[in-house]
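J.: The structure is given below, and queries will be raised subsequently.
What follows draws every value from the coordinates through simple rules; no lab data is involved. All values reported here derive from a predicted model rather than from experimental measurement. Cβ coordinates were reconstructed from backbone atoms using ideal geometry, including for glycine residues, and neighbour counts include every protein chain displayed.
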């Protein structure tokens, strides 16, 4: 008999036990979902992580190649490069009438096509959030980009709303641009902050002290952006058209490996997207 989604919360199997899997399984458990299984690869490190997560949410642990799926929804929370192979390794797990989701931001639901051919409805469901070891962000208010089969999209939307997240539809052909957007928001922002620490060190401030001293201006910049938008939040020498100050920055940054290139790239972005004065003179300085 095929498993069907009803008004009762579906049971969920999580494939993987990394940072995203831990945050998602925890949030689902708190929202009243039964986490039936944590599916893992056999290597010891992966298995230990799966056991730890399973204990936390009251699930059993299964090896991917031997798993038999009892849950109505299976959520793959594993690296992009592993999704298609993991789905293929579970092809015989029993998929008729079930929903299979993966959480890649860059890849489409077609990574799970082998499971569609086994009777599952498939979708990609990506939270626009960062997940790192030692941090477990709540999913309330987090946008989730969804695309895929109608049944799977509907099931994902219901689950996300139960998590108090914000589901939205995205077209398959837009996934790569969507993921690039997300990469600007966290990994590349973190890269910018790391470079900022190096510039602080050149100014005689230790990297540890720099992190603490940067927080007030960072938090206010985000608050300004949230309330006013990018153009009205933009400040500093570019908005004033202060060419002499920009020249001084470019000169001193020659002594900080990599920082000058980042400064120039971001400055050119500012000239393209934000209000500045003396645009032509600034363009010339950046070019020279």
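J.: Taking the Cβ-Cβ separation of residue 274 and residue 80 as r and a Förster radius of 22 Å, what is the calculated FRET efficiency to the nearest 0.05?
T.: 0.10
J.: Which of 276, 22, 132 has the fewest other C-beta atoms within 10 Å, and how do the rest follow up to the most?
T.: Listed from fewest to most nearby Cβ atoms, that is 132, 276, 22.
J.: Moving on. Under 20 °C and 1.002 mPa s, how fast does the chain diffuse according to Stokes-Einstein, given a Kirkwood radius computed over C-alpha pairs? Answer in µm²/s, whole number.
T.: After rounding, the answer is 99 µm²/s.
J.: Just need the relative contact order of region 12-174 here, percent rounded to a whole number, with Cα pairs under 8 Å and 6+ apart.
T.: Once divided by the residue count of region 12-174, the mean separation gives 19 percent.
J.: For the Cα atoms of the chain, what angle does the longest principal axis make with the long axis of helix 259-273, in degrees from 0 to 90, nearest 10?
T.: The angle comes out at about 90 degrees.
J.: Sort 81, 116 by Cβ crowding within 10 Å, fewest neighbours at the top.
T.: 81, 116
J.: Give me the Debye-computed log₁₀ of I(q)/I(0) at q = 0.15 Å⁻¹ for region 186-287, equal point scatterers on Cα only, no solvent, two decimals.
T.: The computed values of log10 I(q)/I(0) come out as -0.68.
J.: Cα axis of helix 19-30 to longest principal axis of the chain: angle in degrees, 0 to 90, nearest 10?
T.: Orientation of helix 19-30: about 60 degrees from the principal axis.
J.: I want to make sure I understand the PRE zone here: with the label point 7 angstrom from the Cα of residue 56 toward its beta carbon, which residues in region 124-140 have backbone N atoms less than 14 Å away?
T.: Residues 131-139 fall inside that zone.
J.: I need 219, 129 ordered by Cβ neighbour count within 10 Å, fewest first.
T.: Least to most surrounded, the residues fall as 219, 129.
J.: What do you get for the angle between helix 175-185 and the principal long axis of the chain? Use alpha-carbon atoms, 0 to 90 degrees, nearest ten.
T.: Around 50 degrees separate the two axes.
J.: By DSSP, what percent of the beta bridges with both residues in region 12-174 are antiparallel, rounded to the nearest 5?
T.: Here the antiparallel bridges make up roughly 15 percent for region 12-174.
J.: Suppose we keep just the DSSP beta bridges with both residues in region 108-249; what percent of those would be antiparallel, to 5?
T.: So the antiparallel bridges in region 108-249 amount to around 55 percent.
J.: Among rounded, prolate and oblate, which fits region 51-136 when a ≥ b ≥ c are the square roots of the eigenvalues of its C-alpha gyration tensor, a/c under 1.5 means rounded, and a/b larger than b/c means prolate?
T.: oblate
J.: Let me ask you something else. Rounded to the nearest 5, what % of DSSP beta bridges with both residues in the chain are antiparallel?
T.: 15
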